[in-house]
Amino acid sequence: MKFAEDYRKQLIADEKFGSERAVRGLLTNLKKFKADIRFSDITSNFLMEFEKYLNKLGIHQSVETYVSRLWVIFNKGREHYNDEDRGILRISNYPFKKYQVN
């Protein structure tokens, strides 16, 4: 997910090292879960399966952190790629309405 990598690099440039560390952990685990992810792949079912995957790895405490970081990246992607004033919705799905961390 190139957008997420660019976001991580921006966090470094902005000297937000704690946030960058959390995003780096998220991206490492996302890549192990699914190698190539697009915004359209991120559905409420995807989030539930990712949570199960993290729990299987024993990463229980980081699940909420990872999902909240993914939520931030997803929202930033929507802001970047969508132009609601002009009716351009490249990222039309919004899985975070239905999904809640268990």
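Assorted remarks:
- Checking the stated criteria, ARG90 turns out to be under 24 Å from ASP6 (Cβ atoms) and exposed (fewer than 13 other Cβ atoms within 10 Å of the Cβ).
- Flag for SER68 being out of contact with any Asp or Glu (no Cβ under 8 Å at 6 or more places or on another chain) and in contact (Cβ under 8 Å) with a residue 40 or more places away in the chain: no
- Scanning the range 6-19 for residues that are modelled with pLDDT of 95 or more and either of a type in the set (D, E, K, R) or within 25 Å of GLY58 (Cα to Cα) (or both) yields ASP6, ARG8, LYS9, ASP14, GLU15, LYS16, PHE17.
- Single residue of the range 40-68 satisfying the filter (within 10 Å of the chain's Cα centre (by Cα) and at pLDDT 95 or above) that is surrounded by the most Cβ atoms within 10 Å (Cβ to Cβ): ILE42
The values are calculated or read from the model by the stated rules, or taken from the named source; none is laboratory data. Values in this document were obtained by computation on a predicted structure and should not be read as measured data. Ideal geometry is used to build each Cβ from the backbone, glycine not excepted, and the neighbour counts take in all protein chains shown.
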